[in-house]
Amino acid sequence: QVQLVESGGGLVQAGGSLRLSCAASGSIFMIDVMGWYRQAPGKQRELVATITSGGSTHYADSVKGRFTISRDGAKNTVYLQMNSLKPEDTAVYYCHALLRASWRTTWSDYWGQGTQVTVSS
């Protein structure tokens, strides 16, 4: 069983910062891409940022220059440092990983349970 557990969400004022963490645990053979997505009320889930096993990153235009994604391969953990937060960043943030649970299995998508980020104006 693979689990992705997020932490670090909360309530912050506009202009503030938060750091999200997501740790993958369980039967893990190899992880390729890890990332963060978010879903605001009444909206579709959208990509925030991703990072590959090689360290290549990709950001949504709306967060470029404000958010930084990083990864600790030894700990199977991905982080999202969020600075200069805006009310429109309010959403449930979900961790994602593309991984193989064993050498016998193919690549599969795994999701965390989500963590709420609320930015007040």
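The values are calculated or read from the model by the stated rules, or taken from the named source; none is laboratory data. As the structure is a prediction and not an experimental result, all values here were calculated from the model. Every residue, glycine among them, receives a Cβ derived from its backbone with ideal geometry; neighbour counts consider all protein chains shown. Side chains are part of the model used for accessible areas, which takes the heavy atoms of the whole protein and leaves out ligands, DNA and RNA. Shrake-Rupley method; radii C 1.70, N 1.55, O 1.52, S 1.80 Å.
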### Message
Scan the stretch 82-89 and tell me whether some residue there is among the aliphatic types (A, V, I, L, M), assigned to a loop (DSSP other than H, G, I, E, B) and either more than 23 Å from G42 (Cα to Cα) or without any contact (Cβ under 8 Å) to a residue 12 or more places away in the chain (or both).
### Response
no
### Message
For the stretch 102-121: of the residues being touching a residue at least 24 places away in the same chain (Cβ under 8 Å) and of a type in the set (S, T, N, Q), which is most open to solvent (accessible area, probe 1.4 Å)?
### Response
S121
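Go through the stretch 4-38 and count every residue that is part of a strand (DSSP E or B) and touching a residue at least 60 places away in the same chain (Cβ under 8 Å). Before you say what the answer is, go through the steps one by one.
Filtering the stretch 4-38 for residues part of a strand (DSSP E or B) gives 4-7, 10-13, 18-26, 30-38.
Next, from what is left, pick out any that are touching a residue at least 60 places away in the same chain (Cβ under 8 Å): 4-7, 10-13, 18-20, 22, 24, 26, 30-36, 38.
Residues meeting the conditions: 22.
Check L99, L11, L18 and return the single one that is open to solvent by 50 Å² or more (accessible area, probe 1.4 Å), in contact with a strand residue (DSSP E or B) (Cβ under 8 Å, 6 or more places away or on another chain), modelled with pLDDT of 95 or more and on the phi < 0 side of the Ramachandran plot.
Result of the check over L99, L11, L18: L11.
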### Query
If a residue has to be charged (D, E, K, R), under 20 Å from G15 (Cβ atoms) and open to solvent by 40 Å² or more (accessible area, probe 1.4 Å) to count, how many in the stretch 69-96 make the cut?
2
### Message
Being more than 12 Å from L4 (Cα to Cα), of a type in the set (S, T, Y) and in contact with a Cys (Cβ under 9 Å, 6 or more places away or on another chain) is the requirement here; does Y37 meet it?
### Response
yes
#### Entry: Of all residues in the stretch 97-121 being among the hydrophobic types (A, V, I, L, M, F, W, C) and in contact with a Cys (Cβ under 9 Å, 6 or more places away or on another chain), the one that is nearest to G10 (Cα to Cα)
W111
